Each structure stands twice: as structure tokens, then as C-alpha cells.
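Trainee: Shown below is the structure under consideration.
The values are calculated or read from the model by the stated rules, or taken from the named source; none is laboratory data. A quick note: this is a predicted structure, and the numbers were derived from the prediction, not measured. With ideal geometry, Cβ positions are generated from the backbone for all residues, glycine too; neighbour counts draw on all protein chains shown. Remember, those area values only see protein heavy atoms, side chains included, never the ligands or the DNA or RNA. Shrake-Rupley method; radii C 1.70, N 1.55, O 1.52, S 1.80 Å.
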Amino acid sequence: QVQLVESGGGVVQAGGSLRLSCTASGSGFSINVMRWYRQAPGKQRELVATLTPGGITNYADSVKGRFTISRDNAKNTVYLEMNSLKVEDTAVYYCNAWRPSFDYWGQGTQVTVSA
């Protein structure tokens, strides 16, 4: 059974920074596509950032230039560095590990950005 555990959320003022972490149990972490999603109250879950096993990244337009996804395969951990945070970044952030026939989610971590 694979578990993904997110951490690093919290309350920060607009313009501040946070770094989220997501650590996976089990094997095969390095071959997973890792993604961060977020879901704000009353809104659909949206894809924020993607990192492939080969190191290719992709970001939602709303976070480009402010957020950075990275991974440490030795620690089975993916990170989301979030800078210049805005009130509209407030959401529960989820990490996702995917490969064919493999799709796991973390429980989420709350990020609240105050004005």
C-alpha cells in the first residue's frame, strides 16, 4: 500500500513563501509522474504543477514564475516551492503520484494566504 504524506502548509501573508513536501512510501518513486493539485472552497480541483521522471516540468498559468516543483528521489519526496503568494492561492494542496496502473493521492495540506 502506497501512502503520500504532505506537509508544509500553513498561514502566510500575501507576498510570502511556503514550501510544501510530499513523501511517498513504497518503491518506484523515481518512475512516477508527480503532480501537485489544489482545491479552493467551492471550486474544482485544479492541476498546479507536474514533474516527469525525466525532469520535465509544467505549470498552471496562474502560478508560472512563482511556483517551482522539484523532487528528491533518494528521499521519495516531491516539493512545491511557492513564492509571491497571493490570496487566490488559498486552497488545500494535494500531491499525486502517477504511472500506468498506479494513481495515488495524499490527504492534502491547507495553505491560507491572508491579505
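Trainee: Computed FRET efficiency, Cβ-Cβ of I31 and A60, R0 35 Å: what is it to the nearest 0.05?
Mentor: So, using R0 = 35 Å, E works out to roughly 0.90.
Trainee: With every protein chain left in place and a probe of 1.4 Å, what is the accessible surface of S7, to the nearest 10 Å²?
Mentor: Surface accessible to solvent at S7 totals approximately 60 Å².
Trainee: Note down the accessible area of E46, probe 1.4 Å, to the nearest 10 Å².
Mentor: The accessible area of E46 comes to roughly 70 Å².
Trainee: First measure r as the distance between the Cβ atoms of K86 and V2, then evaluate 1/(1 + (r/R0)^6) with R0 = 41 Å and state the FRET efficiency to the nearest 0.05.
Mentor: 0.80
Trainee: Multiply the residue separation of Q110 and L47 by 0.36 nm, subtract the distance between their alpha-carbon atoms, and state the gained length in nm to one decimal.
Mentor: 21.1 nm
Trainee: In square angstrom, what is the accessible area per residue of the chain with a 1.4 angstrom probe?
Mentor: Per residue, the chain has an accessible area of 53 Å².
Trainee: For the range 7-23 and the range 59-115, compute the distance between their C-alpha centroids and round to whole Å.
Mentor: That distance is 10 Å.
Trainee: Straight-line reach only, C-alpha to C-alpha below 25 angstrom: list the lysines that K86 could link to, leaving out same-chain residues fewer than 8 apart.
Mentor: Answer for K86, where 25 Å is the Cα cut-off: K43, K64, listed by chain and number.
Trainee: Note down the accessible area of F29, probe 1.4 Å, to the nearest 10 Å².
Mentor: Probe radius 1.4 Å; accessible area of F29 about 10 Å².
Trainee: Which trypsin sites (Lys or Arg not before Pro) does the range 25-115 hold that lie in a coil by DSSP with at most 11 other beta carbons within 10 Å?
Mentor: Listed in order of number, the matching sites are K43, K64.
Trainee: Same structure, new question: Tally up the carbon and sulfur contribution to the accessible surface of the range 15-115 as a whole percent, 1.4 Å probe, everything protein left in place.
Mentor: Summing carbon and sulfur atoms, their accessible area is 49 percent of the total for the range 15-115.
Trainee: Can you tally the net charge around G28? Count Lys and Arg as +1, Asp and Glu as -1, for every other residue whose Cβ sits under 14 Å from the Cβ of G28.
Mentor: +1
Trainee: Which order do the peptides 49-60, 102-113 come out in when sorted by mean C-beta neighbours inside 10 angstrom, highest first?
Mentor: Output ranking for 49-60, 102-113: 102-113, 49-60.
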